[in-house]
Amino acid sequence: MSVIIHQNLSTSISSSTSTFLGHNNLKSIKCSNVSIPGRISGVIKCVATPSAEKTAYKTKVSRNENMGKLQAGYLFPEIARRRAAHMLKYPDAQVISLGIGDTTEPIPEVITSAMAKRSYALSTVEGYTGYGAEQGEKQLRAAIAKTYYENLGIEEDDIFVSDGAKSDISRLQVLFGSKVTMAVQDPSYPAYVDSSVILGQTGQFQKDVEKYGNIEYMKCTPENGFFPDLSAIRRTDIIFFCSPNNPTGYAASREQLTRLVEFAKENGSIIVFDSAYALYISDDNPRSIFEIPGAKEVSMEVSSFSKYAGFTGVRLGWTAIPKELLYSDGFPVAKDFNRIVCTCFNGASNIAQAGGLACVSPEGIKAMHEVVGFYKENTDIIVETFNSLGFKVYGGKNAPYVWIYFPGQSSWDVFSEILEKTHVVTTPGSGFGPGGEGFIRVSAFGHRENVLEACRRFKQLYK
């Protein structure tokens, strides 16, 4: 703005400075009640100058260059972001989430009552406990070994109780270090690859093939029964293998896992076997890698109560590392993992561990099977829906996931179309690796009425 001050003004200042400066209507500014001695000619300009831009302070610490290799965001937060954006666009829509594999049904009371009892005990002198053993409470470790590994040669001190399989995957990557090579099923749970990238085990992302360098992607397709052709796989130090597989829902047979163990032995590799969905297996396929002869010499196993008891928020899992598993110099792998756990972890919550102990009681096992049975019924509804619409549908029998093929289409495009037209959240298959392109994963974790409503919308969209 500019204010012109004329000659020979002759009154005294009576207006307050704050009143003058606080006025927003420039047209009402008057030059009355102003006395300026002497003669002034010309124009005085009041110029608003922008405040100097602040330059952010920067440390001298370089960014971990491996973080820069990661592509976009981690899959499931990205889905949550798109879901949130959709809800802003359609605030009145009933959005149904069958995407992220998060449980929805209440934790059985036999389990929550045990956690409540332990929680209340902490308010008493007799019941209070502070730090516990980093490896987990002795009673729970023994119960897990007996419940899931009886007659398989896995003992109490082979079990490391944790805050979930996902956390253990990252701790195992710290254990392995940056110099190992790794193989993953393609498609597979994205935490395996992303943690490998962060630890510096991989090369750069190759956009033309949608893969990271120095990772062996073991393609699992309908054509090979979702089990890789091991004769075409190069040797790696570590093999991540999930059965039943997330996202395809396929469980490897005994014969297939026998071949995998033999392959690892021939190559001197270590299998990290993810059995987080083992309780969903309804046929005679192995629930543990340790059912396979010789597996203890080349394998470890991670698992979790998340999808059995609804512990996705409670957080409780375990890793089993046999004493027979040795490095090339003969040093026990379990001893190094114990050191990692003692350094990086203070042990799972004592309240969560009380819940875990209830999970593996006879009543808890029965209750978990009922919860799993409920989700498997949801799976049947989803499978029947897409079969009736003429899609090629895979998985669903031994896992809470249904893997649906959309030939010639981008997974993210199908995801977006379904969300836009039905307000149902799914998961794009390409988020699990290049082998998932053209597929959509539909999760059976949902309230029954929501699953039925989502399937009604699917039929309306694709009829």
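Straight Cα distances below 30 angstrom link LYS366 to the lysines LYS117, LYS138, LYS146, LYS166, LYS296, LYS307, LYS376, LYS397, with same-chain residues fewer than 8 positions distant left out. The overall shape of region 168-317, judged from the alpha-carbon gyration tensor, is rounded, with an a/c ratio under 1.5.
The distance between label points at ASN224 and HIS447 comes to 4.3 nm (points 7 Å beyond Cα on the Cα→Cβ vector).
Based on alpha-carbon atoms, the Kirkwood radius and the radius of gyration of region 167-241 give Rg/Rh equal to 0.96. Where in region 105-120 does the label zone of GLU363 land, with the point 7 angstrom along Cα→C-beta and an amide N cut-off under 20 Å? Residues passing the 20 Å test: 106-120. Of the whole protein surface, SER231 contributes about 110 Å² of accessible area at a 1.4 Å probe radius. To the nearest Å, what is the center-to-center distance of region 417-463 and region 137-202, using C-alpha atoms only? Centre-to-centre (Cα) distance: 30 Å. Cross-link partners of LYS463 among lysines, defined as those whose alpha carbon lies under 22 angstrom from its own and excluding same-chain residues fewer than eight positions apart: LYS392, LYS421. Rounded, prolate or oblate: which fits region 50-111, taking a ≥ b ≥ c as square roots of the Cα gyration tensor eigenvalues, rounded meaning a/c under 1.5, else prolate when a/b beats b/c? The shape class here is prolate.
Note on region 44-186: dipole from Cβ charges, positive end direction compared against LEU175, TYR57, GLN71; the farthest Cα belongs to TYR57.
Over region 370-413, the pair-distance histogram of Cα-Cα distances with 5 Å bins from zero comes to 5, 22, 27, 20, 14, 7, 3, 1 percent, rounded to whole numbers. Remark: C-alpha extents of region 67-198 on the principal axes read 53, 47, 31 Å, sorted largest to smallest. Dividing the Cα radius of gyration of region 362-463 by its Kirkwood radius returns 1.01 for Rg/Rh.
Averaged over residues, the count of other Cβ atoms within 10 Å places the peptides 139-145, 372-378 in the sequence 139-145, 372-378, highest first. Report P(r) for region 267-356: all Cα-Cα distances, bin width 5 Å, range 0 to the bin holding the largest distance, values in whole percent. Per 5 Å bin, starting at zero, the Cα-Cα P(r) for region 267-356 comes out as 3, 12, 19, 20, 20, 15, 9, 3, 0 percent. Using C-alpha pairs below 8 Å separated by at least 6 residues, the relative contact order for the chain is 19 percent.
Take the Cα of GLU377, go 7 Å toward its beta carbon, and none of the backbone nitrogen atoms of region 286-311 fall under 16 Å from that spot. Measuring nothing but protein heavy atoms, the accessible surface of the chain at 1.4 Å probe radius is 53 percent carbon and sulfur.
Taking every alpha-carbon pair in the chain and binning the separations at 20 Å intervals from zero gives 21, 46, 16, 10, 7, 0 percent. Within the chain, DSSP assigns beta bridges of which about 55% are antiparallel (rounded to the nearest 5).
Calculated accessible area for the chain comes out at 50 Å² per residue, all protein chains present (probe 1.4 Å; ligands, DNA, RNA ignored).
The values are calculated or read from the model by the stated rules, or taken from the named source; none is laboratory data. Worth saying up front: this structure is predicted, and the values here are computed from it rather than measured. Every residue, glycine among them, receives a Cβ derived from its backbone with ideal geometry; neighbour counts consider all protein chains shown. Remember, those area values only see protein heavy atoms, side chains included, never the ligands or the DNA or RNA. Shrake-Rupley method; radii C 1.70, N 1.55, O 1.52, S 1.80 Å.
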